[in-house]
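One structure is given below, encoded as structure tokens.
The values are calculated or read from the model by the stated rules, or taken from the named source; none is laboratory data. All values derive from a computational prediction rather than experimental measurement. Using ideal geometry, Cβ is built from the backbone for each residue, glycine included, and neighbour counts are taken over all protein chains shown. SASA here: full protein model, heavy atoms, side chains in, ligands and nucleic acids out. Shrake-Rupley method; radii C 1.70, N 1.55, O 1.52, S 1.80 Å.
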Amino acid sequence: MPRAHNFSAGPAALPTEVMTEIQRDLLDYRSTGMSVMEISHRSSTFMDIASRAEHSLRQLLHIGEDYHVLFLQGGARLQFTMIPLNLAAPGEVVEYVDTGIWSQKALHEAERLRDAKSVASAHDHIPSESTWRRHSGSKYLYITSNETISGVQYHEFPSVDSVPLVVDASSDFLTRPMEVDRFGLIYACAQKNFGPSGLAIVIVRKDLCPEPLEHESEYLNYAIHAKNTSMFNTPNTFAWYIAGLMFDWISAQGGVKEMQTQCEMKSRKLYDLIDGSVLYRSVIESRFRSSVSVTFTLTDDALHRPLLDAAENAGIHHLKGHRAVGGFRASLYNGVPMQAVDALVEFLADFEQRKS
């Protein structure tokens, strides 16, 4: 059976080459007689997997030794909690730019733990920095680089010198270069661009990792995880292994710069179709449109279900928009090949022609 054209927002498509390698290692990893899923995280075999994965990621993003690279469980949502607990003390101010549902959820969690303030709010564009309501004494400024639900993306990161810049890069991590030293902390969950669910990468400046405060959790402390090389508890070894394969695959394709080129080409094909259509429309301001999360609606709502059904029949899956906003969404992550996007564009053009 041919591979489906998978536009899921996550867990998302993985490259066929990586899946083939996983298949090879599933029953016998490098002649150990054990599956890669059965190897102890304390063994020299897995230690090698872990160290090579970290080295590959450091090479891809040019991460300096003044940053920890942590491989943690709990996905992005756990970081909503860990960030305020680690980067601020009780009563201290932390700032959030609300550009969509995910940054909003992060803000609401931070409000439970610290004095969290919204500096700006808009869900169809990025508010101009000149309009942001900044707060003195803030310990960090938090942004979500790409809002997967609405399809809003920062194409330029804020210029923040006075406080650490924290970014949830879950959905566009490794789809474009990032100057790591501009950030205090970058985090991303794996299930978008570098593996299956159940793993998050945290790249955090070492000076932002104090010991846990009295009466606060050890497990939720970055310094504790760093001291234990991300093995304070048994890690998600399978997801960590696949992340390493994905880092090597990205490097073999030409690195994150090539991923950016491919991502922009894929999204441009879709946006060109949408902008030239009378049936499809984007509600996001063009200069803030995401290159990885292409969202659109129909001018005729009666065609919503017929489009989804026809897409499934054509082998095109997971176009349904998030339940919070409806519409449609095509996630163009690193593992989505160009031929899948070509098939989607051809399908959408044909559907409009047949229904017009």
* Under 6 Å by Cβ, and 6 or more places apart or on different chains, what pairs join a residue from region 1-13 that is within 9 Å of Ala330 (Cα to Cα) with one that is polar (S, T, N, Q)? -> Phe7/Ser331; Ala9/Thr148; Ala9/Ser331
* **Selection status of Glu156, more than 22 Å from Pro90 (Cα to Cα) and open to solvent by 40 Å² or more (accessible area, probe 1.4 Å)** => yes
* Would you check which residues across region 84-112 are aliphatic (A, V, I, L, M), surrounded by 16 or more Cβ atoms within 10 Å (Cβ to Cβ) and either more than 20 Å from the chain's Cα centre (by Cα) or in a helix (DSSP H, G or I) (or both) and list them? => Leu85, Leu87, Ala88, Val93, Val94, Ile101, Ala106, Leu107, Ala110
* Hey, Met37 out of contact with any Pro (no Cβ under 6 Å at 6 or more places or on another chain), of a type in the set (A, V, I, L, M, F, W, C), surrounded by fewer than 21 Cβ atoms within 10 Å (Cβ to Cβ) and without any contact (Cβ under 8 Å) to a residue 24 or more places away in the chain or not -> no
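Residues are listed down the side, and each one gets a yes or a no for (1) free of Cβ contacts under 8 Å to residues at least 24 places away in the same chain; (2) in contact with an Asp or Glu (Cβ under 7 Å, 6 or more places away or on another chain):
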{"site": "Tyr96", "(1), (2)": "no, no"}
{"site": "Gly100", "(1), (2)": "no, yes"}
{"site": "Gln153", "(1), (2)": "no, yes"}
{"site": "Phe157", "(1), (2)": "no, no"}
{"site": "Val160", "(1), (2)": "yes, no"}
* Residue tally, condition open to solvent by less than 70 Å² (accessible area, probe 1.4 Å), among the aliphatic types (A, V, I, L, M) and more than 22 Å from the chain's Cα centre (by Cα), over region 209-253 -> 3
* **Subset of region 319-335 [open to solvent by 10 Å² or more (accessible area, probe 1.4 Å), part of a strand (DSSP E or B) and free of Cβ contacts under 8 Å to residues at least 60 places away in the same chain]** => Lys320
* Asked: Counting only residues that are more than 16 Å from Lys257 (Cα to Cα) and in contact with a Leu (Cβ under 7 Å, 6 or more places away or on another chain), how many does region 158-188 have?
  -> 10
* In region 182-213, which residues are of a type in the set (Asp, Glu) and either part of a loop (DSSP other than H, G, I, E, B) or modelled with pLDDT under 95 (or both)? -> Glu211
* Which of (1) more than 21 Å from the chain's Cα centre (by Cα); (2) outside any loop (DSSP other than H, G, I, E, B) does His55 not meet, given it meets every other one? -> (1)
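This table checks each residue for (1) of a type outside the set (Ser, Thr, Tyr); (2) out of contact with any strand residue (DSSP E or B) (no Cβ under 7 Å at 6 or more places or on another chain); (3) at pLDDT below 95; (4) within 15 Å of Gly151 (Cβ to Cβ).
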{"site": "Met265", "(1), (2), (3), (4)": "yes, yes, no, no"}
{"site": "Leu270", "(1), (2), (3), (4)": "yes, no, no, yes"}
{"site": "Glu285", "(1), (2), (3), (4)": "yes, yes, yes, yes"}
{"site": "Thr297", "(1), (2), (3), (4)": "no, no, no, yes"}
{"site": "Leu303", "(1), (2), (3), (4)": "yes, yes, no, no"}
{"site": "Pro306", "(1), (2), (3), (4)": "yes, yes, no, no"}
{"site": "Gly321", "(1), (2), (3), (4)": "yes, no, yes, yes"}
{"site": "Gly326", "(1), (2), (3), (4)": "yes, yes, yes, yes"}
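Here's the yes/no breakdown for (1) within 25 Å of the chain's Cα centre (by Cα); (2) in a loop (DSSP other than H, G, I, E, B):
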residue: Leu14; (1), (2): yes, yes
residue: Gln23; (1), (2): yes, no
residue: Tyr29; (1), (2): no, yes
residue: Met34; (1), (2): no, yes
* Considering each of Ser251, Ser230 in turn, give the residue that is among the hydroxyl-bearing types (Ser, Thr, Tyr) and over 25 Å from Arg42 (Cα atoms). => Ser251
* To do: Among the residues of region 141-153, write down those that are part of a loop (DSSP other than H, G, I, E, B) and either of a type in the set (Asp, Glu) or crowded, with 24+ Cβ neighbours inside 10 Å (or both).
  => Ser145, Thr148, Ser150, Gly151
* Structure fact -> Restricting region 159-183 to residues that are crowded, with 24+ Cβ neighbours inside 10 Å and not charged (D, E, K, R), the one farthest from the chain's Cα centre (by Cα) turns out to be Val166
* Hits in region 56-79 - residues which are open to solvent by 10 Å² or more (accessible area, probe 1.4 Å) and more than 15 Å from Arg205 (Cα to Cα) -> Ser56, Gln59, Leu60, Gln73, Gly74, Gly75, Ala76, Arg77, Leu78
* Structure fact -> (1) more than 16 Å from Ala88 (Cα to Cα); (2) in a loop (DSSP other than H, G, I, E, B); (3) in contact (Cβ under 8 Å) with a residue 40 or more places away in the chain all hold for Gly137 apart from (1)
